[in-house]
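Below is one structure, written out as structure tokens, with a few remarks after it.
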Amino acid sequence: MTDEDLIATARDASRHSYSPYSNFAVGAALSFADGSVVTGTNIENASYGLALCAEAVAVSKAMADGVRGGLEAVAVTGPGTDPITPCGRCRQVLNELAQLGGTDPEILCVGAEEVRKLRLSDLLPHAFGPASLT
Ligand code: THU
């Protein structure tokens, strides 16, 4: 899948965002070595602090289906002008799946006119992960 296709898939996933409190619809699309793609979107709650981020939802969906690695790229889209970068918690959640499969996925942070391409290791240097516990 091309970067453009992955971004379009993330954007499409954000149509299902449940974000009535922030009005900030985020989409995420994870691309795997076997060609599969798993999407997520943010799900908010009347108890505001319980909001689930799009990236965490996507990782949860993949892992609940048995995926344990092969994460090659992630596209994240939002409604803002600037490229959206995953929040700190999502970087850690993405790192768990990435480290399990020994990959350092490219994160496509999508803005209105710019796509910022960063490695997860650039967003989360010196990460604590499964390997840290051995
Ligand atoms: N959000 C995400 O889905 N991913 C991020 O990486 C940053 C923030 C969501 C959480 C909340 O529903 C809304 O964006 C505003 O913070």
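Beyond 27 Å, what share of the Cα-Cα pairs of the chain is found? Please give it as a whole percent. Intermediate values should be presented prior to the final figure.
Details: 1184 of 8911 pairs.
Value for the chain (Cα pairs over 27 Å): 13 percent.
Within region 51-69, whose backbone N sits under 16 Å from a point 7 Å along Cα→Cβ of residue 22?
Hits in region 51-69 for residue 22 at 16 Å: 51-59.
Ignoring everything except DSSP H segments at least 4 long, calculate the 222 nm mean residue ellipticity for the chain; use -39,500 (n - 2.57) per segment, divide by total residues, nearest 500. If you can, show how the numbers build up before the last one.
Values: 4 runs with 40 residues, N = 134.
After summing the helix terms and dividing by residue count, I get -9000 deg cm²/dmol.
Pop a pseudo-label 7 angstrom from the Cα along the beta-carbon direction at both residue 15 and residue 46 and give the gap in nm to one decimal.
Distance between label points: 2.9 nm.
Given a Förster radius of 30 Å and the C-beta distance between residue 60 and residue 114 as r, what FRET efficiency does 1/(1 + (r/R0)^6) yield to the nearest 0.05?
Working: r = 29 Å, r/R0 = 0.95.
Efficiency, from the Cβ-Cβ distance: 0.60.
Based only on other Cβ atoms within 10 Å, what is the fewest-to-most ordering of 128, 24? If you can, show how the numbers build up before the last one.
Values: 128 12, 24 15.
Least crowded to most crowded, the residues run 128, 24.
Can you tell which of 75, 29, 16 lies farthest toward the positive end of the dipole of the chain, using +1 and -1 charges on the Cβ of basic and acidic side chains (Lys, Arg; Asp, Glu)?
Farthest along the dipole direction, towards plus: 16.
Looking only at the chain, where both bridge partners belong to it, what percent of the DSSP beta bridges are antiparallel (to the nearest 5)?
Values: 17 of 22 bridges.
So the antiparallel bridges amount to about 75 percent of the total.
I need to check one value: relative contact order of region 3-125, counting alpha carbon pairs closer than 8 Å and at least 6 residues apart, in percent. All intermediate terms of the calculation are to be shown ahead of the outcome.
Values: 285 pairs, mean separation 27.9, N = 123.
About 23 percent, as a whole number.
Charges only on Cβ, +1 for Lys and Arg, -1 for Asp and Glu: so what's the dipole of the chain about the Cα centre, in debye to the nearest 20? Numbers along the way, then the final one.
On the way: 9 positive and 16 negative charges, 78 e Å.
Dipole of the chain, to the nearest 20 debye: 380 debye.
What's log10 of I(q)/I(0) for region 54-106 at q = 0.27 Å⁻¹, Debye sum over Cα points only, no solvent?
Log10 of I(q)/I(0), two decimals: -1.13.
Throughout, read-outs are computed from the coordinates displayed, never taken from laboratory work. In this text the structure is predicted, and so the values were computed from the model without any measurement. With ideal geometry, Cβ positions are generated from the backbone for all residues, glycine too; neighbour counts draw on all protein chains shown.
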